[in-house]
Amino acid sequence: LITQGVIPGIGGVVIFIPQITLLFFFIAILEETGYLSRVVFIMDRLMRPFGLNGKSVVPLMSSVACAIPGVMSARTISDWKERLITIMVAPLMSCSARIPVYTLLIAIVIPDETIFGFMNLQGLVLFGLYLLGAVFALLVAILLKVLVKTKRQGFLLLEMPEYKSPRWKNVGLTVFEKVRVFVWDAGKIILAISVVLWALASYGPSQKTESSIRHAKQEAVEMSLTNEETEQLLAATRLENSYIGIMGKTIEPVIKPIGFDWKIGISLITSFAAREVFVGSMATIYAVADNGVSNTSLIEKMRKEKRQDGTPVYSLATGGSLMVFYVFAMQCMSTVAVVKRETQSWKWPIIQIAFMGIMAYAFALLTFLILS
């Protein structure tokens, strides 16, 4: 509980503090110098057709690094409707947590070759995933502009200050307050969800688990596995027979039409803690060492994985479907916690999870059918 539930939960909060600190440090400097007001003024006319205003640019751009500080920075938007739309679409911008998932899947299903004489195909696919998220963030913003009703007409009202040197005390107080709010308010929700996910991944029906572990130990002896390989096999067996493993197998009929199996289902559930957990979960399931640097052995194992009919599990259709799924799916408890904190209600996070989940499934299904 302490080492695998509470500490990772606290880590899930602490890991975002440097990003939030840096983002609000630079935003505070831009604001104090008078530069940010001019950026907002210039971009306002471009953002209006999408139901946003000039102040939405900073949250959307910062969400490419991480949606958490992006959502938090939306509080500078005074109009409730425009602020809400910005918060709702910010997670659609592909953040850095998606990169491990993208790179793993691209390495498995996209050939490393050059097209048009100068463009790398794998790099082009990665760019396409980022572009897909940005385009649909703006399209969803247009839809929300129509659906979200308000009596007030949105407008931009701001003072155009003179250029001046920043007041460092103001900058420091702004950064401290933003970090404090995140740690104490969002942190409690993140920690609670982390402990729940740990419990689900660590426990399962005792008789079934013990029987599977005995069988795995016997299999390890027959295969003459090393101690490290045996531990990896046992970890994979425990995860498969845990409550999360059972949940993964339970949802398999639902995710099968988009090309996913129960192993991917487990990783979808565990990666709700953070998207990059997908890679670690797959490493555990396939009983390979995840050293955090190179996933060569995991890539090879996933490439060799076959279905019962002999076809590869990770075909171009399945890989493409999974990448598109991660473009749209929420899959981030930290962002959910921050959206709840910023909107002061569970209504909007639940709506956000629902519409992003529906989009993820629909476009993943479309991708799978096209590529099949």
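The values are calculated or read from the model by the stated rules, or taken from the named source; none is laboratory data. Keep in mind the model is a prediction, meaning the values are calculated, not measured. Note: ideal-geometry Cβ built from the backbone for every residue, glycine included; neighbour counts use all protein chains shown. Calculation scope for accessible area: heavy atoms of the full protein, side chains included, ligands and nucleic acids excluded. Shrake-Rupley method; radii C 1.70, N 1.55, O 1.52, S 1.80 Å.
Rolling a 1.4 Å probe over the heavy atoms of the protein chains gives the chain an accessible area of 50 Å² per residue. Phi-derived couplings, Karplus 6.51 cos²θ - 1.76 cosθ + 1.60 at θ = phi - 60°, listed residue by residue for the stretch 131-136: 5, 4, x, 5, 4, 6 Hz, with x used for Gly and Pro. Using the Cβ-Cβ distance between Glu300 and Val135 with R0 set to 30 Å, the FRET efficiency from 1/(1 + (r/R0)^6) comes to roughly 0.30. Averaging the sequence gap over all C-alpha pairs within less than 8 Å and six or more residues apart, then dividing by the number of residues, gives the stretch 1-99 a relative contact order of 21 percent. Model label sites at Thr3 and Thr114, defined 7 Å from Cα along the beta-carbon direction, differ in position by 4.9 nm. Count charges around Ala216 for me, please; just the other residues with Cβ under 15 Å from its Cβ, Lys/Arg as +1, Asp/Glu as -1. Neighbour charge sum, excluding Ala216 itself: -3.
Show me 323-334, 300-311 ranked by packing, highest mean number of other Cβ atoms within 10 Å first.
Descending packing order for the listed peptides: 323-334, 300-311.
Over 22 Å between Cα atoms: which of Lys81/Lys169; Lys149/Lys347; Lys145/Lys188; Lys208/Lys306; Lys188/Lys340; Lys249/Lys301 fall into that group? Write down the numbers at each step before the final one.
Values: Lys81/Lys169 32 Å; Lys149/Lys347 15 Å; Lys145/Lys188 32 Å; Lys208/Lys306 25 Å; Lys188/Lys340 12 Å; Lys249/Lys301 20 Å.
Cα-Cα > 22 Å for Lys81/Lys169; Lys145/Lys188; Lys208/Lys306; rest within.
Heavy-atom surface analysis with a 1.4 Å probe gives the chain a carbon and sulfur content of 66 percent of its accessible area. Karplus-derived 3J(HN,Hα) values for the stretch 265-271, using 6.51 cos²θ - 1.76 cosθ + 1.60 with θ = phi - 60°, are x, 4, 5, 5, 5, 5, 6 Hz; glycine and proline are entered as x. For the chain, a crude dipole built from +1 on the beta carbon of Lys and Arg and -1 on the beta carbon of Asp and Glu, taken about the Cα centre, is about 1400 debye to the nearest 20. Highest-first packing order for the peptide set 222-230, 39-47, 237-245 is 237-245, 39-47, 222-230, based on the mean count of other beta carbon atoms within 10 Å. Only helices enter the 222 nm calculation for the chain: every DSSP H run of n ≥ 4 contributes -39,500 (n - 2.57), and dividing by all residues gives -21000 deg cm²/dmol, rounded to 500. In terms of overall dimensions, the C-alpha atoms belonging to the stretch 189-300 reach 41, 36, 33 Å along their principal axes, ordered largest to smallest.
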